[in-house]
1. List every residue pair whose Cβ atoms sit under 7 Å apart, with the two residues 6 or more apart in sequence or on different chains, where the first one lies in segment 158-176 and is over 15 Å from residue 203 (Cβ atoms) and the second, anywhere, is part of a loop (DSSP other than H, G, I, E, B) and at pLDDT 90 or above.
2. How about segment 74-89: which of its residues are buried (at least 19 other Cβ atoms within 10 Å of the Cβ) and closer than 25 Å to residue 127 by Cα?
3. Among the residues in segment 140-161, are any surrounded by 18 or more Cβ atoms within 10 Å (Cβ to Cβ), at pLDDT 95 or above and over 16 Å from the mean Cα position of the chain (by Cα)?
4. Being farther than 30 Å from residue 144 by Cβ and in contact with a strand residue (DSSP E or B) (Cβ under 7 Å, 6 or more places away or on another chain) is the filter; apply it to segment 162-213 and report the residue that is farthest from ligand 3 (Cβ to nearest atom).
5. Please enumerate the residues belonging to segment 94-128 that are farther than 27 Å from residue 30 by Cα, assigned to a loop (DSSP other than H, G, I, E, B) and at pLDDT 95 or above.
6. Here are some residues: 57, 19, 72, 91. Which one is in a strand (DSSP E or B) and touching a helix residue (DSSP H, G or I) at 6+ places or on another chain (Cβ under 9 Å)?
7. Could you figure out which of (1) modelled with pLDDT under 95; (2) surrounded by fewer than 18 Cβ atoms within 10 Å (Cβ to Cβ); (3) within 16 Å of ligand 5 (Cβ to nearest atom) isn't true of residue 180?
8. Only one residue in 175, 145, 170 is more than 25 Å from residue 28 (Cα to Cα) and either within 16 Å of ligand 1 (Cβ to nearest atom) or assigned to a strand (DSSP E or B) (or both), so which one is that?
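The values are calculated or read from the model by the stated rules, or taken from the named source; none is laboratory data. Here the structure is a predicted model, which is why all the values come from computation and not from measurement. Note: ideal-geometry Cβ built from the backbone for every residue, glycine included; neighbour counts use all protein chains shown.
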Ligand code: G
Ligand code: G
Ligand code: G
Ligand code: MN
Ligand code: NA
């Protein structure tokens, strides 16, 4: 497929960039963390959503190359923001083949040195299915990353088939409740019930809870009342280019 070759060229042609979406602390109303989301503008096809090209990269074996570019780009960005006086941390998404990459923690260590970062400024989001694909290999990578000082979140929580008992064996400190349960939480009783019990169960296991897909004030207020620790979604901000984030933070109250 020609799109696979285009994707391999996308890095060297500068067609990829990272968008950043803030996460707000529900208790303090402050933002000090963002999620980094990859974007690709194809020269002739235009914007291609990551749901399409990430899967393509996973199947064609170029995901590690993309992830290496992504991690270097995010670390350089954290360094640049720090120079501008913005002390942020960023969560990155990793795929199944990244979490079994034995070189990942070595690669990250050299990036932290190059950009003078505290490893705690970076955190990892992985889905249950990415981890459970090869749970022993994923476990050793995640333990290494955790020992380096990175925290780890389970992304899209609630859409997989693993139990919290399995997840608790991993060095995980955060659950991101999938947006499918959050989008209509202000009108769907069942969604509210699922989210409430997820928050209660997660908290009783010592996990931080993040809701993604928060699209309106009513949902944000409900989630805060339920004790959700962090909120992420269009109601707070859409993912934005890196150079827009400082201005957005200045205006955010
Ligand atoms: O903005 P949104 O369309 O960004 O992202 C869609 C999906 O693509 C999400 O599930 C997200 O986890 C995934 N995704 C976005 N950026 C990256 C990335 O840099 N690496 C990986 N592995 N997945 C990503
Ligand atoms: O205290 P411990 O390290 O187990 O908690 C880890 C994180 O989980 C804390 O930072 C906190 O944000 C969250 N947490 C644990 N229990 C609760 C709880 O009962 N309510 C809230 N809001 N957060 C909790
Ligand atoms: O990695 P993950 O699957 O969590 O990626 C988050 C996805 O959700 C991205 O595609 C991002 O653009 C999208 N997203 C973020 N906030 C909202 C929101 O409020 N509503 C909807 N529908 N999607 C959102
Ligand atoms: Mn994510
Ligand atoms: Na998600």
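1. Correct list of pairs: 158/178; 159/178.
2. Quick first cut of segment 74-89, residues buried (at least 19 other Cβ atoms within 10 Å of the Cβ) only: 74-75, 77-78, 81.
Matches in segment 74-89: 74, 75, 77, 78.
3. Looking for residues that are surrounded by 18 or more Cβ atoms within 10 Å (Cβ to Cβ), at pLDDT 95 or above and over 16 Å from the mean Cα position of the chain (by Cα), one finds at least one in segment 140-161, hence yes.
4. Applying the first criterion (farther than 30 Å from residue 144 by Cβ) to segment 162-213 yields 180-197, 200, 213.
Applying the additional criterion that residues be in contact with a strand residue (DSSP E or B) (Cβ under 7 Å, 6 or more places away or on another chain) yields 182, 195.
Working: 182: 8, 195: 14 Å.
Applying the filter and picking the extreme gives 195.
5. Taking segment 94-128 as the starting set, the residues that turn out to be farther than 27 Å from residue 30 by Cα are 95-111, 113-114, 128.
Among the residues that remain, those that are also assigned to a loop (DSSP other than H, G, I, E, B) are: 95, 100-103.
The answer is 95, and nothing else.
6. On the way: 57 fails: in a strand (DSSP E or B); 72 fails: in a strand (DSSP E or B); 91 fails: touching a helix residue (DSSP H, G or I) at 6+ places or on another chain (Cβ under 9 Å).
Unique residue meeting the criteria: 19.
7. In the conditions (1) modelled with pLDDT under 95; (2) surrounded by fewer than 18 Cβ atoms within 10 Å (Cβ to Cβ); (3) within 16 Å of ligand 5 (Cβ to nearest atom), residue 180 misses (1) alone.
8. Values: 175 fails: more than 25 Å from residue 28 (Cα to Cα); 170 fails: either within 16 Å of ligand 1 (Cβ to nearest atom) or assigned to a strand (DSSP E or B) (or both).
The conditions single out 145.
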